[in-house]
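Shown next, in structure tokens, is the structure this report addresses.
Bear in mind that the values in this text are calculations on the coordinates, not laboratory data. The shown structure was predicted, so the numbers you read here are calculated from the model rather than taken from an experiment.
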């Protein structure tokens, strides 16, 4: 009897501990295994990348190669989107196939312009988000990201400029991090930019600053620093409706932020770098495929939705095939639009924008040092 009571008591204590805020041990980000990407090691972000470029005039194929720059002047800090298919509400800290793939597809290209940092974190899983994810699930994910950020600043940054890169859950977590840890603080001076597609950045209608970030504006030039790029992409031919997942204003007088990466570069098209998968990957043998000039995009407001409206230009080799692929993606999850490709639809643009922002930020730092430390 006493043994049964003891076991019951232990079970009760264990359950209480496991469901309390004290149960979740903090991740030790001093351990390299807690990072998906770190500079100077052979991880997924150090992978040399290749892309097949399809000529819009002839359909001829050529290849491009992209490699990390170990001498990059700034850092990029990436929080990946919801990818975990674990049955539990929060993911474990293993660098699984899903985390590796999404970092390769969305983030590794930035290594040509910045040192790459990407913490593993106990994200709210697909199971939790499609079910009933609790505030505790999201809080655990945020606490991990915040701890990783603080460790990065204390042990890796050394005063360098920083680009924050996220998508979907990663964007939401970085939005909160910026609001609580960066906006209006001394560290804001080191913010080169934040690239947060598929999130929920709110700004007052007709303004570039306010709302989610009181002191950090939206980017309006490719060489502007200390600013934010955010958007949610939908096909122009299939705009978001009232029940769509992204692009909604949170309250009257506010709008979901939309910054077109192509427009920032002064281009009338997007430099899309789309991941190759399945048979396409086997045939082409490259990480990406590019169809120059076939996509254009602009920010559109319709009712209470503001979004990046993506158009497939009818002229050019492969336009019909690309249009079918995007239409199929749009139909796969009603209301989500082109969310899964938010980053890759403009990946080439975003990497080029980071290059220009890096030059502008480092030039300003050099001028400041010369003023404060004259010869």
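For the reader, a short list of remarks on this structure follows.
- Antiparallel beta bridges, as assigned by DSSP with both residues in region 26-372, represent about 50 percent of the total such bridges.
- In the chain, the calculated helix contribution to ellipticity at 222 nm averages -9000 deg cm²/dmol per residue, counting -39,500 (n - 2.57) for every DSSP H run with n ≥ 4.
- Using alpha-carbon coordinates, inclination of helix 319-332 to the longest axis of the chain, degrees: 20 degrees
- Helix 347-372 and the longest principal axis of the C-alpha atoms of the chain enclose an angle of approximately 80°.
- Cα shape, region 133-268, gyration tensor, a/c 1.5 rule: oblate
- Percent RCO, i.e. relative contact order, over region 130-285, from Cα pairs under 8 Å lying at least 6 residues apart: 18 percent
- Answer label for Cα extents along the principal axes in Å (calculated), chosen among (1) 58, 50, 34; (2) 83, 62, 48; (3) 54, 52, 39: (2)
- Max mean-square fluctuation residue, GNM over the chain, Cα-Cα springs under 10 Å, options 222, 136, 87: 87
- Shape class of region 231-375 from the Cα gyration tensor (axes a ≥ b ≥ c, square roots of the eigenvalues): oblate, since a/c reaches 1.5 or more and a/b does not exceed b/c.
- Relative contact order of region 196-280: 31 percent, from C-alpha pairs under 8 Å at least 6 residues apart in sequence.
- Short-range pairs are left out: with C-alpha atoms under 8 Å and at least six residues apart, the relative contact order of the chain is 17 percent.
- Shape of region 61-182 from the C-alpha gyration tensor: oblate (a/c of 1.5 or more and a/b not above b/c, with a ≥ b ≥ c the square roots of its eigenvalues).
- Using alpha-carbon coordinates, inclination of helix 2-19 to the longest axis of the chain, degrees: 30 degrees
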